[in-house]
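The values are calculated or read from the model by the stated rules, or taken from the named source; none is laboratory data. Only a predicted model underlies this, so the values are computations on that prediction, with no experimental measurement involved. Counting neighbours? That spans all protein chains shown, and the Cβs are built from the backbone with ideal geometry, glycine included.
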Amino acid sequence: MPVEFLSDEQVAAYGRFVGEPDRAELERFFVLDDGDRKLVGRHRGEHNRLGFAVQLGTVRCLGTFLTDPLDVPWGVVDYLAGQLGVVDPSVVKRYVERAKTPYEHSWEIRGVFGYRVRCPVNSGQGPLLE
C-alpha cells in the first residue's frame with residue numbers, strides 16, 4: 001500500500017490509538033446497543049465480556065484488531081465498563097491470560113458483522129478490515 005503521501009506522524013498513528021478518544025468518538029464507536037450487549041453477554045466472566053467489548057469498539061474505531069487487544073486508552077476501557085456494569089475495569093487485564101481468547105473473539109466479531117480481511121499489514125498491527 002503506497003504511503004508516500006502520509007507524514008511520518010500519520011504513518012506511525014495508522015491503525016493505532018493516539019491519545020484518548022474524545023466524547024464524540026466514544027459515543028460513535030464504543031456505545032453498545034442492545035444487539036452488542038446480547039453478543040457481549042454470551043461470554044463468561046467480566047474480563048471476557050469487557051475484553052470482547054473493547055475489541056468490538058476498537059475494530060469499529062480503527063478498522064483493525066490490535067495485536068495486543070488491550071493496547072487501548074484507559075478511557076475506552078472505563079467507558080465500556082460503565083455500560084456493562086463492571087465495577088473494577090482492571091479485570092480486563094485478565095482478558096489476555098488465555099492467548100487464544102482474543103483471537104477467537106476477533107473471529108466471532110468478523111463472522112457476526114461480516115468483516116473481511118482487506119490486506120495483511122506487516123507493521124505489528126492486525127489486518128485492516130472492510
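Could you run through the range 13-40 and say how many residues are farther than 14 Å from Y95 by Cβ, surrounded by 12 or more Cβ atoms within 10 Å (Cβ to Cβ) and either modelled with pLDDT of 95 or more or not aromatic (F, W, Y) (or both)?
If we filter the range 13-40 for residues that are farther than 14 Å from Y95 by Cβ, which is where we start, we get 13-39.
With the extra rule that they be surrounded by 12 or more Cβ atoms within 10 Å (Cβ to Cβ), the set shrinks to 13-17, 20-21, 25-26, 28-32, 36-37, 39.
Narrowing further to those that are either modelled with pLDDT of 95 or more or not aromatic (F, W, Y) (or both): 13, 15-16, 20-21, 25-26, 28-32, 36-37, 39.
Residues in the range 13-40 being farther than 14 Å from Y95 by Cβ, surrounded by 12 or more Cβ atoms within 10 Å (Cβ to Cβ) and either modelled with pLDDT of 95 or more or not aromatic (F, W, Y) (or both): 15 in total.
Starting from the range 44-68, take each residue that is in contact (Cβ under 8 Å) with a residue 40 or more places away in the chain and list its partners that are among the basic types (K, R) and assigned to a helix (DSSP H, G or I), counting only C-beta distances under 7 angstrom and pairs at least six apart or across chains.
H47/R94
Kindly list, by first and then second residue, each pair from a residue in the range 1-22 that is within 16 Å of R60 (Cβ to Cβ) to a residue that is hydroxyl-bearing (S, T, Y) and at pLDDT below 75, limited to pairs with Cβ atoms under 9 Å and residues at least 6 apart or on different chains.
The qualifying pairs are G15/S123.
Quick check on G75: is it on the phi > 0 side of the Ramachandran plot, of a type outside the set (S, T, Y) and touching a residue at least 40 places away in the same chain (Cβ under 8 Å)? Talk me through it step by step, then tell me what you get.
Numbers: on the phi > 0 side of the Ramachandran plot: no; of a type outside the set (S, T, Y): yes; touching a residue at least 40 places away in the same chain (Cβ under 8 Å): yes.
Spelling it out, it is not the case that G75 is on the phi > 0 side of the Ramachandran plot, of a type outside the set (S, T, Y) and touching a residue at least 40 places away in the same chain (Cβ under 8 Å).
Just one of V54, V87, V92 is at pLDDT 95 or above, of a type in the set (V, I, T), in contact with a helix residue (DSSP H, G or I) (Cβ under 9 Å, 6 or more places away or on another chain) and assigned to a loop (DSSP other than H, G, I, E, B); which is it?
Numbers: V54 fails: assigned to a loop (DSSP other than H, G, I, E, B); V92 fails: assigned to a loop (DSSP other than H, G, I, E, B).
When all the criteria are applied, what remains is V87.
Could you check, for the range 61-75, whether at least one of its residues is assigned to a helix (DSSP H, G or I), in contact with a strand residue (DSSP E or B) (Cβ under 9 Å, 6 or more places away or on another chain) and surrounded by fewer than 21 Cβ atoms within 10 Å (Cβ to Cβ)? Step through it out loud before you land on a result.
Taking the range 61-75 first, the residues assigned to a helix (DSSP H, G or I) are 61-62, 74-75.
Those still in the list that are in contact with a strand residue (DSSP E or B) (Cβ under 9 Å, 6 or more places away or on another chain) too: 62.
Keeping just the survivors that are surrounded by fewer than 21 Cβ atoms within 10 Å (Cβ to Cβ) gives 62.
Within the range 61-75, one or more residues are assigned to a helix (DSSP H, G or I), in contact with a strand residue (DSSP E or B) (Cβ under 9 Å, 6 or more places away or on another chain) and surrounded by fewer than 21 Cβ atoms within 10 Å (Cβ to Cβ).
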